[in-house]
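Peer 1: Sharing a structure here in structure tokens format.
The numbers here are math on the coordinates, done by the rules we state, and not lab data. What you see is a predicted model; the values in this text were computed from it and never measured. Cβ coordinates were reconstructed from backbone atoms using ideal geometry, including for glycine residues, and neighbour counts include every protein chain displayed.
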Amino acid sequence: RSFSNLDAEEEVTYRFTISSFKDGEGWVLGKPTLLLHTKDSGKTWERIPLSPKLPGEPSSIYALGPNKAEMTTSSGAVYVTENSGRNWKAQVKETIDATLNRVSSSGVSGASYFTGSIINQVRDDLGAYL
């Protein structure tokens, strides 16, 4: 297999954790943070750069169709791409972590830190979350 944008030495240091395929198009997440994309059923792969400003670490990826995928992070952010990962659009105004901490800090004395995450991306036939 070919992994474009990865040095040969780099390939052995990643652990692939999540994958999602639809009609020959696939997405793979790895640790340390790595996102790979294929359009040819895994014959070749392209590394998709992710912003260091991403809230949390990528935790799931879901193939939605040609050039489309949805990614969630460990902080509860949700992003969608419609151009093979070149751009990602936030689907929530703030992460679950930010919401929990904003709500808990209003009227509560002392510092609190809460975390939350998305546990699945299951949708109905029309694409709405279940």
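Peer 1: Between K39 and N67, what is the label-to-label distance in nm when each label sits 7 Å out along the Cα-to-Cβ direction?
Peer 2: 0.8 nm
Peer 1: Test of understanding: what is the full-extension gain from E46 to D124, defined as 0.36 nm times their sequence separation minus their Cα-Cα distance?
Peer 2: The span from E46 to D124 would gain 25.1 nm if fully extended.
Peer 1: Testing the spin-label approximation: label points 7 Å from Cα along Cα→Cβ at R86 and T13. State their distance in nm.
Peer 2: Reported label-point gap for R86 and T13 is 2.9 nm.
Peer 1: I've got another one for you. Any lysines with Cα under 21 Å of the K53 Cα? List them, leaving off those in the same chain fewer than 8 positions away.
Peer 2: Of all the lysines, those that pass the test against K53 - Cα under 21 Å, at least 8 places apart if same chain - are K31, K89, K93.
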